[in-house]
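Reading through the structure tokens given below for one structure.
The values are calculated or read from the model by the stated rules, or taken from the named source; none is laboratory data. Predicted, not measured: the structure shown is a model, and the values here were computed from it. Neighbour counts run over all protein chains shown; Cβ positions are idealised from the backbone, glycine included. Accessible surface areas use protein heavy atoms only, side chains included; no ligands, DNA or RNA. Shrake-Rupley method; radii C 1.70, N 1.55, O 1.52, S 1.80 Å.
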Amino acid sequence: MNVDTLSLSEVLRDSKIDEGLLAIAGKVQNKERITEEEGLLLFEKGELGFLGALANHIADRLHHGKVYFNRNFHIEPTNVCVFTCNFCSYSRLYKQRDDGWELTMEQMMDMVRKYDGQPITEVHIVGGVHPKMNLEFFCELIRNIRTHRPDLHIKGFTAVELDYMIRKAKLSIADGLIRLKEAGLQSLPGGGAEIFHPDVREVICADKVDAEGWLNIHELAHGLGMHTNATMLYGHIEKYEHRIDHMSRLRQSQDKTGGYNCFIPLKFRNKDNDMSNIPESTIIEDLRLYAISRIFMDNFRNLKAYWPMLGRQTAQLTLSFGVNDLDGTIDDTTKIYSMAGSEEQTPALSTEQLCDMIEAVGRIPVERDTLYNELKVYKTEVAHLH
Ligand code: V47
Ligand code: SF4
């Protein structure tokens, strides 16, 4: 469907489409925000092609066929965790720590040194919530990375990790964030958000920071000039209403601060966890969700599909459903997904492979930094399928 030359309403007018859906298409065309009720209608009645056309239209309007990626690597300091999220296949309780890992400062610095001389722009630090790895330890880690490699953008620690380490240090959240920022922390990843609604949160991750706490940490970070991401763990026990509630809270938070870089839906994987009885969502549902996120989250410029979780082909498909970011070239240093049964057991892609994946679906690969500044456009002519 060529939505550039025909107006969306013209294309849809004769298609016997639901009146409510038609009204949403009109809003999308006029760049108007859709309501929560309309978001719900999209989940209930929007078929894949319709949602894809709208989402693609918005993504093209914003990004003109460009798809972003960055060059990063992950450090996962530990998988020992005081919390007991039922969907987590990765963590080990402190008493079972012999079964998990706890990296020393030297081991983590060896990982950083491994990339010496390579054009990596970001390190992503995230892990379990270890009762003995404290705020001072992580400030030292950040300072060490900064000293060794000042050009590397340090993105680290979910709101869950921050809430625990800062409270344990008996500081206010704002003061704890200031300490980390002074050490050299530059932005926060989007994990730990899961599903905000208490009816779901109490079942899947009752004991960690709640919605208000998560949002407060991100908004305080924005107030200090740090950028952050936001995620949503979907495809388990949540209902469409809970997804809309989650996205709506993020949309309101973004209205307040403008500090979120991107939204990342994370597909629940069911291997080896306490929710393994729940079937995983289908690819159709995944694509519908990406498209609806693009339509509903009108103040998030960037929608990221995390390819190690989705697998390469589904990640490519999402590029026709509103996604404009495929995260990074990522080395095989992240285990949170492979342990939960993701498609990619050793997620690593060279820049060339990532560019080929993007070009194969008619998009333009662009390397970005953490803050979405463009570092290199890999293909300047209009991509062939577009
Ligand atoms: O909060 C845990 C998710 C998140 C499972 O900001 C699972 O750029 C699916 O947030 N099935 C942590 N998901 C990782 C994260 C992240 C990842 C990539 C990029 C960014 C970013 C952030 O991983 C957790 C949770 O939602 N997770 N277990 C599972 N079984
Ligand atoms: Fe711990 Fe994070 Fe796993 Fe929850 S998802 S148990 S907080 S590592």
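Among the residues of region 232-277, how many are surrounded by 15 or more Cβ atoms within 10 Å (Cβ to Cβ) and outside any helix (DSSP H, G or I)?
Within region 232-277, residues that are surrounded by 15 or more Cβ atoms within 10 Å (Cβ to Cβ) and outside any helix (DSSP H, G or I) number 22.
Which members of region 47-91 meet the condition of being over 24 Å from C139 (Cα atoms), surrounded by 17 or more Cβ atoms within 10 Å (Cβ to Cβ), of a type outside the set (F, W, Y) and within 16 Å of ligand 2 (Cβ to nearest atom)?
The answer is C85, C88, S89.
If you go through region 205-231, how many residues are in contact with a helix residue (DSSP H, G or I) (Cβ under 9 Å, 6 or more places away or on another chain) and in a helix (DSSP H, G or I)?
Of the residues in that region, 12 qualify.
When region 126-152 is examined, which residues are found to be surrounded by fewer than 19 Cβ atoms within 10 Å (Cβ to Cβ) and not in a loop (DSSP other than H, G, I, E, B)? Spell out how you get there, then give the answer.
Here is the first cut: in region 126-152, the ones surrounded by fewer than 19 Cβ atoms within 10 Å (Cβ to Cβ) are 131-132, 134, 136-137, 140, 143-144, 146-151.
Within region 126-152, E136, F137, E140, R143, N144, R146, T147, H148 meet the criteria.
Across region 299-308, what is the total count of residues that are more than 11 Å from the chain's Cα centre (by Cα) and within 10 Å of ligand 1 (Cβ to nearest atom)?
Here is the first cut: in region 299-308, the residues more than 11 Å from the chain's Cα centre (by Cα) are 299-301, 308.
Of the ones still in play, those that are also within 10 Å of ligand 1 (Cβ to nearest atom) are 308.
Number of matching residues: 1.
Kindly list, by first and then second residue, each pair from a residue in region 129-149 that is more than 16 Å from ligand 2 (Cβ to nearest atom) to a residue that is β-branched (V, I, T) and in a loop (DSSP other than H, G, I, E, B), limited to pairs with Cβ atoms under 9 Å and residues at least 6 apart or on different chains.
R149/I120
Here is a yes/no grid of residues against (1) in contact with a Pro (Cβ under 8 Å, 6 or more places away or on another chain); (2) within 14 Å of ligand 1 (Cβ to nearest atom); (3) under 24 Å from E44 (Cβ atoms):
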position	(1), (2), (3)
I173	no, no, no
L224	no, no, no
N229	yes, yes, no
K239	no, no, yes
D245	no, no, yes
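If you go through region 200-210 one residue at a time, do you hit one that is in contact with a Pro (Cβ under 7 Å, 6 or more places away or on another chain) and open to solvent by less than 50 Å² (accessible area, probe 1.4 Å)?
No, region 200-210 contains no residue that is in contact with a Pro (Cβ under 7 Å, 6 or more places away or on another chain) and open to solvent by less than 50 Å² (accessible area, probe 1.4 Å).
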